[in-house]
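Step one of this worksheet: look at the structure below.
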Amino acid sequence: MTFRQFAYRNVVRNRRIYAAFFMASAFSVMVFFLYSMLLFHPAMEEGFVQEIASTGMMIAEFVLFIFSLFFLFYSMRAFLQARTKEFGILLLLGMARNQLQRLIFLETMLIGGVAIIAGTFLGFVFSKFFLMIVKELIQVPMLPLYFTWQPFVLTIGSFASVFIIISLLAPMFIRTGEVYDLLQGEAAEQDAYSSSKWRALAGIVLLAATYTMAVYATNTYVIRVIYLLPAAAVSGTYFFFSDSLPYMIQLFRARKRLYWRPFWLLSLSEGVVRLKENARMFFIVTMVSTLAFMSVGLLASLTSFANQYREINPLGLVYKSYPGNVLEQIHIRELTNELNEKEIDYKMVAFRVLEQKSSFTDMSVSIVRLSSINALGHTFGYPAVDVKDGKALFLPQSASSYQQLKERTVNTSLEKSGLEMEISGAYPHQVFPPNAIGANAIIVSDSDFERVLMGEDGASSSLYRYYAFNIPDWQETKDIGRGLHEDELQSILLGGETGTLFSFGNPGLNYSIIRTTFSLLLFMGLMLAAVLFLAAGSFVYFRLYTTLDRDRRQFDVLRRMGITDKELKKIVNRQLLPQFFIPWGVAFVHSAFAFLALQVIWDALAEISIAKELTLVLGGFALLQISYFYLIRWRYLSHIRTPE
């Protein structure tokens with residue numbers, strides 16, 4: 001048998017241990033290849049959305065490459081440490097250190113080469129389906145399957161370099177002590193683990209402080225501690241697994257009345273050993289899982305913003321014209337002509353907006369005519385409201401501001417016109433985008449509006465005209481008013497924002513860009529999260545199956561003592577459940593409290609609730625984890641029941 005054959009048979013013999021590692025590696029290669037197919041696609045060369053997609057793919061590939069390097073590095077280090085007994089036997093039989101390093105290099109490259117080939121092949125097989133999904137997300141006419149050498153070279157070259165780096169660095173983590181120490185295997189390392197009462201307390205205090213800060217976070221407060229929270233959470237998580245959890249179990253074991261019960265002795269005594277052995281692994285799984293949950297949750301919250309964008313931007317097009325704008329009617333004619341040419345149904349309402357200073361707040365207030373508001377509300381199907389002379393309604397900017405203003409009553413005087421006004425209640429519907437008419441706006445009767453317009457001295461108040469286009473099929477307006485956008489930009493560049501005579505908004509175009517961008521980011525995030533999820537699962541799988549021979553011997557002794565299959569399954573459940581669900585449970589708690597802080601930020605930005613999206617994200621990951629647990633438990637019990 002040649003040296004290469006020996007390396008090949010080593011991999012084949014340990015295929016059960018390498019299975020999850022190989023699957024996660026191949027999946028990472030497949031995702032990287034799919035991103036490369038989109039990155040080099042000929043249809044991604046032009047357009048703003050296409051540029052966003054290309055940039056997103058480049059960032060995603062970089063993140064995936066860095067994580068794959070870390071994942072492979074950590075996994076190979078753990079594999080080699082678990083095989084120290086095997087390496088001790090080889091050295092005892094006369095293998096030289098350089099030969100051992102060569103063996104590890106050949107084994108790693110063999111696994112990596114097969115993973116690269118399998119991942120690239122699967123990536124090309126699913127590339128048509130992938131491009132079809134992306135085509136719908138970024139709304140391009142065509143995104144056909146193509147064949148070129150760039151994605152293959154980039155994928156194979158990137159991951160080949162990763163495996164070469166890992167293969168060269170991996171032998172550095174083999175213990176280089178005496179052969180006797182290597183022959184002891186993992187048993188030699190068990191005494192190195194110890195828990196500290198102070199570190200255990202520090203872990204609980206850090207996590208409690210992190211959660212408390214997240215719960216009581218406010219808009220300004222959360223910005224200040226946004227860099228402190230992750231550091232405290234990471235440190236607290238490490239101490240929790242390395243010291244806090246083992247220390248709590250030791251306290252439980254000291255209570256004999258609770259501990260000395262059927263199966264608790266076996267389960268907890270073995271559980272303490274597993275916790276001490278796998279503390280670092282649990283920490284890694286928790287952090288990787290938290291990263292997966294947070295990335296998908298964050299992107300899902302962005303999608304929530306896109307889905308609720310219509311609610312906070314009810315108009316299809318908006319045009320604001322200031323005094324002196326001689327192009328006002330030309331611009332409005334251009335917009336209506338474009339809408340008619342594209343056969344887009346619309347209803348336009350034009351009205352004036354006055355501005356005067358309120359004596360109550362000593363700030364400017366925007367004043368709108370009642371008939372104009374009722375006309376605009378009628379286009380939405382809202383019933384007309386009535387405002388008496390000398391009375392006024394608040395015009396709320398959002399649903400939350402309506403709740404604050406609907407019961408409020410203010411008596412004020414409009415200083416320029418001298419009109420006394422009682423403002424009571426609020427208009428119950430949102431017909432403008434936030435702050436479109438100003439931060440403070442009221443609705444007055446038509447006769448009061450005319451009095452304010454002329455004023456007591458006959459001078460006109462400051463005003464501008466507002467054109468509101470209510471367009472039911474508002475997503476079709478993304479190409480309307482392109483020329484106005486260019487004119488507005490040129491006006492800002494030449495005269496500054498204060499010198500512009502008009503402003504134009506196209507929520508349909510904005511929504512198209514936002515929805516496309518966020519949907520694409522969510523899709524990429526889901527694929528990255530799948531890589532992270534498989535990687536986290538492979539860590540648990542690896543640690544479970546590297547101790548399989550020891551577990552089989554232990555359960556074989558218990559079977560000889562008379563334990564039944566039902567009792568065996570109960571013991572296995574109590575041993576496996578903590579290994580699977582404690583890291584993911586901590587990651588869920590981390591993510592839940594992080595989302596509380598994220599909700600504070602969204603409330604300040606757009607008053608949007610992300611509870612539904614985040615519940616779906618965490619619920620989906622929970623179902624996947626439960627399914628993964630039952631699959632692994634089934635295989636584990638099958639191997640345990642099989643005699644050596």
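The values are calculated or read from the model by the stated rules, or taken from the named source; none is laboratory data. Quick caveat: nothing in here was measured; it's all calculated off a predicted structure. Backbone-built Cβ (ideal geometry, glycine too); neighbour counts: all protein chains shown.
Select from the range 359-398 the residues that are within 14 Å of ALA439 (Cα to Cα), in contact (Cβ under 8 Å) with a residue 60 or more places away in the chain and either surrounded by 13 or more Cβ atoms within 10 Å (Cβ to Cβ) or touching a Phe, Trp or Tyr at 6+ places or on another chain (Cβ under 6 Å) (or both) and list them in ascending order.
Selection gives SER364, VAL365, SER366, ILE367, VAL368, SER398.
May I ask you to list pairs of residues, at least six apart or on different chains, whose Cβ atoms are under 6 Å apart, with the first in the range 82-108 being within 14 Å of PHE3 (Cβ to Cβ) and not assigned by TED's automatic domain parsing to the domain that holds VAL11 and the second being of a type in the set (Asp, Glu) and at pLDDT 80 or above?
So the pair list comes out empty.
With the condition kept exactly as written, say whether any residue in the range 391-398 is over 24 Å from PRO507 (Cβ atoms) and in contact with a Lys or Arg (Cβ under 9 Å, 6 or more places away or on another chain).
Scanning the range 391-398 turns up no residue that is over 24 Å from PRO507 (Cβ atoms) and in contact with a Lys or Arg (Cβ under 9 Å, 6 or more places away or on another chain).
Return the only residue of PHE40, PHE3 being more than 30 Å from PHE130 (Cα to Cα) and not basic (Lys, Arg).
Details: PHE40 fails: more than 30 Å from PHE130 (Cα to Cα).
Of the residues listed, the single one that is more than 30 Å from PHE130 (Cα to Cα) and not basic (Lys, Arg) is PHE3.
If we only count strands (runs of 3 or more DSSP E) wholly inside the range 335-453, which ones have 2 or more residues that are under 26 Å from HIS485 (Cα atoms), of a type outside the set (S, T, N, Q) and touching a helix residue (DSSP H, G or I) at 6+ places or on another chain (Cβ under 8 Å)?
Here the list reads 347-357.
For the range 157-231, which helices (runs of 4 or more DSSP H) that fit wholly inside it have 2 or more residues that are touching a helix residue (DSSP H, G or I) at 6+ places or on another chain (Cβ under 6 Å), surrounded by 15 or more Cβ atoms within 10 Å (Cβ to Cβ) and modelled with pLDDT under 75? Don't jump to the end; show me each part of the working.
Details: elements: 179-184, 187-190, 197-215, 219-224.
So the answer is 179-184.
Name the pairs: first residue in the range 52-81 and assigned by TED's automatic domain parsing to the domain that holds HIS41, second residue outside any helix (DSSP H, G or I) and at pLDDT below 70, Cβ to Cβ under 7 Å, at least 6 apart or on different chains?
Pairs found: LEU80/ILE174.
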